[in-house]
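A quick write-up on the structure given underneath.
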């Protein structure tokens, strides 16, 4: 199998970051990145082009493949649509000497590779190399960390760094302070911020949480803001408390007190309201539900519950409230919904969701 033509990302990266040798455009020594496709005709390398074969290869077979992937070819292969998988598998299954050689070839070019559509697969290296080698890579990323975090490819590398590198070696986290709002509302930066909340201990996340709390109302209504960070991502139970620490954070819960009804009827903020009820503590959950059960909003008798029942987003928040309410509050909520349900189910399409809810059926039968 021959290599397809290799896209030239050099000008793209230069334009993105302003050019200069600081972005890894110069290879080690006096050599520049090769932009022409090298001629690899070895039958052995072609055989192992499908990288999954390296999963079951013997050490001798791996060595045969590696012998043809010297430092001069590593940079090209890691940017190749197929070759990047071969480099990943060599990092995973190769010897420490193989890893050292591959890492040495990548050093000095991390920011360039991170912004490359295939080169960003170097994130695999953070799972396989030594802590000292991780630090060298991180040091190359640090001067450009914010731009890399907002890059469509680079953000994946930063996420892997946060996941795999010891927090005490992540000096760039302090750079995010003052920029948490911008990251949270960015389509790629929000992923990086979420990784911070998921994997970093509280001393590192506290300044970020405080900044997010000061922008709660705006971010809850943002497509990529809190609605994404704590409202839309399904995660494993083992990491619930870290990923959803915003939904359990007391200052955060207090910051949108008095605005729960408006947020519950918003396309994105309604997700946050649900998460706050799921992961918040008992007192925070009760406070949110109590606000949803407030008095009539206008003289004609429309109540918050009535408004939620008719709203395309609010009805899901109300269903969630029914699911998590406890004791007397659950009984009070059910009693508040029941008399309005009969009159609304004929006129409000969204109240039908509530009427057919197994949760409400169960509690209204008592």
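Pairs linking a residue in region 100-114 that is on the phi > 0 side of the Ramachandran plot and in contact (Cβ under 8 Å) with a residue 60 or more places away in the chain to a residue that is in a helix (DSSP H, G or I) and crowded, with 18+ Cβ neighbours inside 10 Å, with Cβ atoms under 9 Å and 6 or more positions apart or on different chains, are 108/140.
Does at least one position in region 133-141 carry a residue that is within 30 Å of residue 63 (Cβ to Cβ), surrounded by fewer than 18 Cβ atoms within 10 Å (Cβ to Cβ) and within 20 Å of the chain's Cα centre (by Cα)? The answer is no, given that none of the residues of region 133-141 is within 30 Å of residue 63 (Cβ to Cβ), surrounded by fewer than 18 Cβ atoms within 10 Å (Cβ to Cβ) and within 20 Å of the chain's Cα centre (by Cα). When residue 64 is tested against (1) under 28 Å from the mean Cα position of the chain (by Cα); (2) part of a helix (DSSP H, G or I), exactly one condition is not met: (1). Does residue 276 satisfy being modelled with pLDDT of 85 or more and assigned to a helix (DSSP H, G or I)? Criteria not met by residue 276. Annotation: residue 194 fulfils all but one of (1) under 24 Å from residue 127 (Cβ atoms); (2) modelled with pLDDT of 90 or more; the unmet one is (2).
Is there a residue in region 280-296 that is within 27 Å of the chain's Cα centre (by Cα), surrounded by fewer than 17 Cβ atoms within 10 Å (Cβ to Cβ), modelled with pLDDT of 70 or more and closer than 30 Å to residue 192 by Cβ? Checking region 280-296: at least one residue is within 27 Å of the chain's Cα centre (by Cα), surrounded by fewer than 17 Cβ atoms within 10 Å (Cβ to Cβ), modelled with pLDDT of 70 or more and closer than 30 Å to residue 192 by Cβ.
Can you tell me which of 251, 207, 203 is modelled with pLDDT under 65, outside any loop (DSSP other than H, G, I, E, B) and surrounded by fewer than 22 Cβ atoms within 10 Å (Cβ to Cβ)? When all the criteria are applied, what remains is 251.
The values are calculated or read from the model by the stated rules, or taken from the named source; none is laboratory data. These numbers were taken from a predicted model, which means no experiment stands behind them. Heads up, the Cβs are rebuilt from the backbone with ideal geometry, glycines too, and the neighbour counts pull from every protein chain shown.
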